[in-house]
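A short write-up of the structure that comes next.
Computed from the coordinates by the stated procedures, all read-outs in this text should not be read as laboratory data. Predicted, not measured: the structure shown is a model, and the values here were computed from it. As a convention, Cβ positions derive from the backbone with ideal geometry for all residues, glycine included, and neighbour counts pool all protein chains shown.
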Amino acid sequence: MSLYEQSWWKRIFAGKNKPRKTDAGSDITAIKEFLQDLQQEIPLLNRELEQLEELEKERSVASEGVLQVNLETQGKFFDKIFERYEFFENDTSINGIRLQRLGKHFLEHAKKAGLVDLVHLKKKDHRWKFNW
């Protein structure tokens, strides 16, 4: 008997590839919370970008001694912006996956309810292929 057919092997690794149940309510709540947080995050990110823009304008006319201080300050702003943007991008990706999972869940329910034409139509739509 090969290794993967052994009963102890199956107990250890059984269920590792089972599809996770979709909890539509919690996924929708998480997406809504993300969008509410986004309303607070965007003004902060805009403020830092405006300050960076101002520093960039100053850099173009700065003398050599001031130029180094300006660039160091810009570096600090870039650090802040990159950190905020990284969090923003990660959260957006996670919520995109949630939304895709909700869409697939919807298509399963629609198919079970006999809405085969609707499912077929949605699967033709490029947005419903979830390649974004």
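Only helices reaching 27 angstrom along their own axis (Cα) with mean Kyte-Doolittle hydropathy no lower than -1.0 count here, and for the DSSP H runs of the chain these are 24-61, 64-112.
A straight chain from SER63 to PHE82 at 0.36 nm per residue would run longer than the Cα-Cα distance by 4.1 nm. P(r) tail, the range 30-103: Cα-Cα pairs separated by more than 18 Å, 52% of all pairs.
For the chain, what log10 I(q)/I(0) values come out of the Debye formula at q = 0.17 1/Å, with one point per alpha carbon and no solvent? Summing over Cα pairs of the chain leads to -0.99. Separation between the ASP23 and LYS111 pseudo-spin-labels, each 7 Å from Cα along Cα→Cβ, expressed in nm? Calculated label separation equals 2.5 nm. I want to make sure I understand the PRE zone here: with the label point 7 angstrom from the Cα of HIS126 toward its beta carbon, which residues in the range 63-102 have backbone N atoms less than 19 Å away? Of the residues in the range 63-102, 100 have backbone N under 19 Å from the label point off HIS126. Stretched out straight at 0.36 nm per residue, the stretch from LEU102 to LYS32 would grow longer than its current Cα-Cα span by 23.8 nm. Longest segment of the chain with no trypsin sites (Lys or Arg not before Pro) in a DSSP loop having at most 10 other Cβ atoms within 10 Å? With trypsin sites (Lys or Arg not before Pro) excluded where exposed in loops, the chain gives 22-132 as its longest stretch.
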